[in-house]
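The values are calculated or read from the model by the stated rules, or taken from the named source; none is laboratory data. Remember, predicted model here, so these are calculated numbers, not experimental data. Because the Cβ atoms are built from the backbone with ideal geometry, glycine has one as well, and the counts that use them run over all protein chains shown.
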Amino acid sequence: MNIWQPEPGETLLARAPVTYATGAAMRVRGMRWFRDTDRNDIQHELPGWPEGPSYTPHSTGGTVALKSLKGAGMVVGTAFMALLSAAGGNIAGPSDDSGSDTPDEPADEVEDFPVMWAAPGSIARTLPWQLDPGRTDQNHQRTHAIVTDRRLVIVELPYKKNSKEVDDAVLWQCPRTDIGHIELKDFKDGDDVKIVFVDGSWCRLRCVWRRHLTRYLENTPDLLTLESLTPQQQTAVLDFAAEVEMPESVSPIITRNACGHYHVDILLPSRFTPAFGASEETLTMNEDGQKADPLKYHPEDL
């Protein structure tokens, strides 16, 4: 087993499965493109990339037909749910309020769906082809993004259902200074993130655990040491570490939110998996070292 580890003095902040995103609007559903700045398809220009699927957007007529079928299905579904409800059936289900039916960028989300936007020689062109679900078997291989205080790393690892074995192979990495900014893209499922590099190139990735990944990727965090906290805060962090059985090889990730609350994440190596990446244990505490009441959380606490 080979689990990627940061260098001495470097702090591991987050790890989550990622792939290139997939179109959700009717015209581009199930598709993705790799574009230059003139909107040309460049997938055949990318060195070392194996052949992958070539997509053609659905025609306007085909899109209308798909929408009609979807509308008919929704009518039938609504009637069926109403029948279940009238009969006393339990119709509760999962919900996700991070998605949106309104596109931020219709040209790139409805009419077209680029997941790479890159001029010749730009950073985004160096990203690995293994991120493409059209070129890899997601039933047997996964790709993870790893965020540290110094860099962003992409690794590939074998995947077996219910297996927790992690065997990383590094595919790509860049220093944080190469990242200009990130944008959360909420259209449809709300699982996408756009990483814009300093040279203007960008990629659009899908990450079901998006918030876990982007919390520390949006801005370089100002990490606090345990010794910099008050005695009461230190006690709270140490008690929490003992509660989750943090090993000596791991250090808590401590940051201070703008609202004044302190955020503590502990990444337990025993919980690294190919399916979910790193699952953190989290403590939010106030300035007195008391666990914050979830009902009094601020937006930045979430």
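Listed values, structure above:
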{"quantity": "Search result, residues across region 1-39 that are touching a Ser or Thr at 6+ places or on another chain (Cβ under 8 Å), β-branched (Val, Ile, Thr) and farther than 25 Å from residue 141 by Cα", "calculated": "11"}
{"quantity": "Sole residue being in a loop (DSSP other than H, G, I, E, B) and either surrounded by 14 or more Cβ atoms within 10 Å (Cβ to Cβ) or aromatic (Phe, Trp, Tyr) (or both), chosen from 260, 289", "calculated": "289"}
{"quantity": "Filtered residues of region 171-192 (kept if of a type in the set (Gly, Ala, Ser) and either out of contact with any strand residue (DSSP E or B) (no Cβ under 9 Å at 6 or more places or on another chain) or at pLDDT 95 or above (or both))", "calculated": "180"}
{"quantity": "Matching residues, region 140-170, being modelled with pLDDT of 95 or more and charged (D, E, K, R)", "calculated": "142, 149, 150, 151, 156, 167, 168"}
{"quantity": "Test: residue 170 is surrounded by fewer than 15 Cβ atoms within 10 Å (Cβ to Cβ) and part of a strand (DSSP E or B)", "calculated": "yes"}
{"quantity": "Selection status of residue 230, in contact with a Gly (Cβ under 7 Å, 6 or more places away or on another chain), in contact (Cβ under 8 Å) with a residue 24 or more places away in the chain and of a type in the set (Val, Ile, Thr)", "calculated": "yes"}
{"quantity": "Residue satisfying all of: in region 187-219; among the aliphatic types (A, V, I, L, M) and part of a loop (DSSP other than H, G, I, E, B); farthest from the chain's Cα centre (by Cα) among these", "calculated": "198"}
